[in-house]
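Following: one structure in structure tokens, then a few remarks.
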Amino acid sequence: MRPDELDRLLAIFHGLGIRHMRFTGGEPLLYPWLVDRIARARDLGVEKLSVSTNGYLLDRLAAPLAHAGLKRLNVSLDSLRPERFKRITRGGDLDRVLRGLFAARDLIPRIKLNVVLLRDENLSEVPALTDFALREGFDIQFIETMPLGMAGGSSRAVSYASVAEAEAELRRSHTLIARPRPDDEGPARRFGIEGHDREIGFISPISQNFCAACNRLRLTSTGRLVYCLGQEDGVDLLGPLREGRTDADLAPFIRAKVWHEKPERHTFNDDPQRAAPVYMMRLGG
């Protein structure tokens, strides 16, 4: 999509009642017009604007993002051990990600660390990651790995760890205080720790299915609206856009498609050894 086409769709979705827009990927900080799109969404009046990133370009883009109106940032941080981080991310540089985090900390009000649980890699690191987040002023959430893409099914049995295991690991050293989850704040179960104002979250797409409460849609860079992270079902919006359909035509078209075609649930648990034919780098988290 061209930037002007994305702007049109942002306006249409805002008109349909979308109150939270997240720019993700892939890696959204590589997109040359990201800052302008965030500013555009802000000017439309979108209540909540978020970015999910690997943090590699954050040290240079934190200030422009904040100036554009970004208030929420999710940064992947699966380990605090450089070699482990490099292995999990297939060559990542932990120091560079930390530089970006610290650059953004004083500019963007709410920063959350995303930790994908991997049994033989970082499950034992849950308390240390939590202590780092609390000490440095970040929220943190632990997420079950999902069987997505080419290697998803075959690797799941080896790497999968439930959030219940992560929570049990954390409770050995911390007292968690349950916090209510607002309806529009996503699927995480939320906790606090006495003396800290930051939150700890657990997201359980596999062990504690939350599909019934899902209110998310995903728009790909090619203009395809995807209804569910775990399925390929969706509808092309770029074609109608370029064919001359007006915004007034597209809005009810989108509403009808979502109402009738958004699936009841994902199918991750139907065949644990079979990966869903979708890729996180294309659809985002």
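Coordinate-derived values only; no laboratory data. Every value quoted in this text rests on a predicted model; they were computed, and no experiment measured them. For neighbour counting, all protein chains shown are included, and Cβ atoms are generated from backbone atoms with ideal geometry for every residue, glycine included.
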Every residue from segment 37-49 that is in contact with a helix residue (DSSP H, G or I) (Cβ under 8 Å, 6 or more places away or on another chain) and surrounded by 15 or more Cβ atoms within 10 Å (Cβ to Cβ): Arg37, Ile38, Ala39, Arg40, Ala41, Arg42, Leu44, Val46, Leu49
Test each condition in (1) farther than 20 Å from Val226 by Cβ; (2) under 14 Å from the mean Cα position of the chain (by Cα) for Glu27 and report the one that comes out false. (1)
How many residues are surrounded by 15 or more Cβ atoms within 10 Å (Cβ to Cβ), in a helix (DSSP H, G or I) and among the charged types (D, E, K, R) when one looks only at segment 106-135? 2
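State all residues of segment 35-78 that are closer than 24 Å to Ile200 by Cα and of a type in the set (A, V, I, L, M); if no residue qualifies, say none. Write out each step before concluding.
As a first pass, look at segment 35-78 and keep what is closer than 24 Å to Ile200 by Cα: 47-56, 58, 62, 66, 70-78.
Across segment 35-78, the qualifying residues are Leu49, Val51, Leu58, Ala62, Ala66, Leu70, Leu73, Val75, Leu77.
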